[in-house]
Structures are given as C-alpha cells and as structure tokens.
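Peer 1: First, the structure itself, so that you have it in front of you.
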Amino acid sequence: MRRIVAMAVLVLAVAAQAEDTGGRKKRTPPQEFGRVVMSNQAKRAKVASVVFDHWLHRAKYTCRVCHVDIGFAMKTGGTDVRAADNAAGMYCGACHNDRTKADGGGKVFPACRAGSSAEAPGCARCHSGGSDARREHDFASFTKDLPKGRFGNGVDWEVAEQKRLIKPVDYVDGISVKRAAMPVQKDFALSGKLPGMPDIIFSHAKHTVWSGCEGCHPEIFTGVKRGTTKYTMVEIFEGKYCGACHVAVAFPTLDCQRCHSKPVQ
C-alpha cells in the first residue's frame, strides 16, 4: 500500500510538470530547466526575446539577492524590464554594468547602454530568442564536475554549495544593504497527509543560504509560525507555496524523497 501511494503522488507530480506533446510526456532537458524567456518589452520593440538561464546565475548569486534586493518577480513576465532600466543600473544592469567583477578577473558585460539598440554588437548574448547564438558558457562543460542530481538541471546545487564548489554571492554593491544575520531556526518535521507517506523534514538552514527569510516570508508563506499557512500538494504542483521555486527552478517536485525524507515509524 505504501508503495502504491508513493507511486500515485509521483505520477501526479510528473503530470503536473511535464509538457504535453500529443499524449506523451516530455521532461525539460537539463540545460533548459529553469530557463526564462523575457519578452514583454522585446515584443513591443520588435526584437528577439531575452533568454535567461537560471543554472548559470544561481551558481554565482543567491536567489535572495536577485529576487529581494534587485527586485525580480518570482513569475515569468512579472517584471517589466526595459533597456532604459538596465542602463540605469536596475534589474540586469545591477550586475551587468561593465564594472562588476566576473570570475577570472574580468568584468561582467553590460546589459544595455543608453541609446543603443538590440541589434548592436553583443546584444545577442541576451537577446537570443529564436536564434542559434553561441553562449559563453556551455552547460555540459560548466556542470561536469558538480555533484549530480536526479532531476531538474541534473545538478545537486545544495551539495555543490556545501562543498564550496560554487560560492553564490549574496551582496551587490549599490543595491544590497548590510544587515545582521537572523538566528537560523531548527529543522522540523511536517506530517505526510497520506498513510505511509514519509514525513517532510524542512530545513531553514538550507533554504536561508539561498533565499534568506525574505524570499519566502511574507509573500509566499504569509505566516511565520508553523502550521499557520495551509496548502496542499495540488497547490504546490500548480506553482504555489513550495512550488514557487520547486517546480521550475529549484529541484522539482518529482524528486519526492528530497523532501519526504523521514520514514514513517
């Protein structure tokens, strides 16, 4: 019975996240998992859309610094980024400004320059939607020495950070504000709602490394006291609550045992 219940939940997760292609389910390729196409302003300007890969940026920056300090919305299309905003040092331009230091001693290329157009040389590095523009970083080469994961990008980003194979930056000059760290809460268990389903062990320590407290509270989880916010697995599969990250960017909900890790006694 336990095995049947676990399989039923896994089937629901796959159905909720897979792409429907004529009745067959297709999993997103690892290099495309977490990819965001930014087209709000591109369509109006009649230029190629911006293709943003989370895997490259999450290896260099925390989720918190982009979605809290810089202010990117958590949903695709939720931030109406303009070239003028980037040129003024907002959004992508907070780092892509030809001043921020990059790995290897160089500088991060500028996102947009005042008065330039998306047809200018170098713009295709971001405005690459619908083209075969060559990227500076190859996914396979970039991730080949990182710990492997079962789903998503096929990378265990949590272990990679713990082993200091990646060192995500949590501060951007001119944008972030230095603040005292809050005490890290202890891990706690959340009971599975189905008989035989292992309990969830939730770790604040693991989440705050990437998202801080502000990444989840109060916009995703209104309450800060355990049990205040009520939600279901269906809502998570729909991209709400835990699913705000664990559907399209963080390890997906297909990886049931990453959360349901405490065996039922």
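Peer 1: Criterion first (over 29 Å from Val108 (Cβ atoms), touching a helix residue (DSSP H, G or I) at 6+ places or on another chain (Cβ under 6 Å) and among the small types (Gly, Ala, Ser)) does Gly243 satisfy it?
Peer 2: Values: over 29 Å from Val108 (Cβ atoms): yes; touching a helix residue (DSSP H, G or I) at 6+ places or on another chain (Cβ under 6 Å): yes; among the small types (Gly, Ala, Ser): yes.
The answer is yes for Gly243.
Peer 1: Exactly one condition in (1) in a helix (DSSP H, G or I); (2) within 15 Å of the chain's Cα centre (by Cα) is not met by Gly34; state its number.
Peer 2: (1)
Peer 1: I'm checking my understanding of the structure. Among residues of the range 10-39 that are open to solvent by less than 40 Å² (accessible area, probe 1.4 Å), touching a Ser or Thr at 6+ places or on another chain (Cβ under 9 Å) and modelled with pLDDT of 50 or more, which one is nearest to Val159 (Cα to Cα)?
Peer 2: Filtering the range 10-39 for residues that are open to solvent by less than 40 Å² (accessible area, probe 1.4 Å), touching a Ser or Thr at 6+ places or on another chain (Cβ under 9 Å) and modelled with pLDDT of 50 or more, the one nearest to Val159 (Cα to Cα) comes out as Gly34.
Condition check ((1) hydroxyl-bearing (Ser, Thr, Tyr); (2) farther than 23 Å from His217 by Cα) across all residues:
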| residue | (1), (2) |
| --- | --- |
| Glu32 | no, yes |
| Ala45 | no, yes |
| Ser49 | yes, yes |
| Arg58 | no, no |
| Cys63 | no, no |
| Cys66 | no, no |
| Gly71 | no, no |
| Val81 | no, yes |
| Cys92 | no, yes |
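Peer 1: I would also like to ask the following. Does the range 198-208 include one or more residues that are free of Cβ contacts under 8 Å to residues at least 40 places away in the same chain, within 24 Å of Val36 (Cβ to Cβ) and in contact with a helix residue (DSSP H, G or I) (Cβ under 9 Å, 6 or more places away or on another chain)?
Peer 2: Yes, some residue in the range 198-208 is free of Cβ contacts under 8 Å to residues at least 40 places away in the same chain, within 24 Å of Val36 (Cβ to Cβ) and in contact with a helix residue (DSSP H, G or I) (Cβ under 9 Å, 6 or more places away or on another chain).
Peer 1: Can you pull out the residues in the range 119-153 that are charged (D, E, K, R), part of a loop (DSSP other than H, G, I, E, B) and more than 18 Å from Val36 (Cα to Cα)? Show your work before the answer.
Peer 2: Kept after step one, since they are charged (D, E, K, R), are these residues of the range 119-153: 119, 125, 132, 134-136, 138, 144-145, 148, 150.
If we keep only those that are part of a loop (DSSP other than H, G, I, E, B) as well, we get 119, 132, 134-136, 138, 144-145, 150.
Those that are charged (D, E, K, R), part of a loop (DSSP other than H, G, I, E, B) and more than 18 Å from Val36 (Cα to Cα): Glu119, Lys144, Asp145, Arg150.
Peer 1: I'm checking my understanding of the structure. Among residues of the range 230-265 that are within 25 Å of Trp157 (Cβ to Cβ) and among the hydroxyl-bearing types (Ser, Thr, Tyr), which one is surrounded by the most Cβ atoms within 10 Å (Cβ to Cβ)?
Peer 2: Thr253
Peer 1: Continuing with this model, one more query. Considering only the range 136-152, state which residues are open to solvent by 70 Å² or more (accessible area, probe 1.4 Å) and in contact (Cβ under 8 Å) with a residue 12 or more places away in the chain. Spell out how you get there, then give the answer.
Peer 2: Going residue by residue through the range 136-152, those that are open to solvent by 70 Å² or more (accessible area, probe 1.4 Å) are 136, 138, 141, 144-145, 148, 150.
Passing the criteria: Asp145, Arg150.
Peer 1: Same structure again: Name the residues in the range 243-257 that are without any contact (Cβ under 8 Å) to a residue 40 or more places away in the chain and among the small types (Gly, Ala, Ser), would you? Walk me through how you get there before you give the answer.
Peer 2: Step one: filter the range 243-257 for residues without any contact (Cβ under 8 Å) to a residue 40 or more places away in the chain, giving 243, 246.
Passing the criteria: only Gly243.
Peer 1: Which one is most open to solvent (accessible area, probe 1.4 Å) among residues in the range 172-181 that are small (Gly, Ala, Ser) and modelled with pLDDT of 90 or more? Before you say what the answer is, go through the steps one by one.
Peer 2: Let us first name the residues in the range 172-181 that are small (Gly, Ala, Ser), namely 174, 176, 180-181.
Now restrict to residues that are modelled with pLDDT of 90 or more: 174, 176.
Numbers: Gly174: 79, Ser176: 13 Å².
Filtering first and then ranking leaves Gly174.
Peer 1: With respect to Gly104, is the statement that it is more than 23 Å from the chain's Cα centre (by Cα), open to solvent by 30 Å² or more (accessible area, probe 1.4 Å), within 24 Å of Pro168 (Cα to Cα) and among the small types (Gly, Ala, Ser) true?
Peer 2: Values: more than 23 Å from the chain's Cα centre (by Cα): yes; open to solvent by 30 Å² or more (accessible area, probe 1.4 Å): yes; within 24 Å of Pro168 (Cα to Cα): yes; among the small types (Gly, Ala, Ser): yes.
Answer is yes for this residue.
Peer 1: Hey, could you check the range 182-199 for residues that are hydrophobic (A, V, I, L, M, F, W, C) and open to solvent by less than 100 Å² (accessible area, probe 1.4 Å) and say which is farthest from His260 (Cα to Cα)? Before you say what the answer is, go through the steps one by one.
Peer 2: First, pick out the residues of the range 182-199 that are hydrophobic (A, V, I, L, M, F, W, C): 182, 184, 188-190, 194, 197.
Still in the list and also open to solvent by less than 100 Å² (accessible area, probe 1.4 Å): 184, 188-190, 194, 197.
Numbers: Val184: 21, Phe188: 12, Ala189: 9, Leu190: 9, Leu194: 12, Met197: 7 Å.
That would be Val184.
Peer 1: Spot the failing condition for Gly129; the list is (1) without any contact (Cβ under 8 Å) to a residue 40 or more places away in the chain; (2) touching a strand residue (DSSP E or B) at 6+ places or on another chain (Cβ under 8 Å); (3) open to solvent by less than 40 Å² (accessible area, probe 1.4 Å); (4) within 18 Å of Val47 (Cα to Cα), and only one is missed.
Peer 2: Result: Gly129 fails condition (1) only.
Peer 1: Since Arg164 meets every condition but one in (1) of a type in the set (D, E, K, R); (2) on the phi < 0 side of the Ramachandran plot; (3) loosely packed, with under 13 Cβ neighbours inside 10 Å, which condition does it not meet?
Peer 2: Status for Arg164: all satisfied but (2).
The values are calculated or read from the model by the stated rules, or taken from the named source; none is laboratory data. Keep in mind the model is a prediction, meaning the values are calculated, not measured. When we count neighbours, we look across all protein chains shown, and the Cβ atoms used for this are built from the backbone with ideal geometry, even at glycine. Note: areas computed on protein heavy atoms with side chains; ligands, DNA, RNA excluded. Shrake-Rupley method; radii C 1.70, N 1.55, O 1.52, S 1.80 Å.
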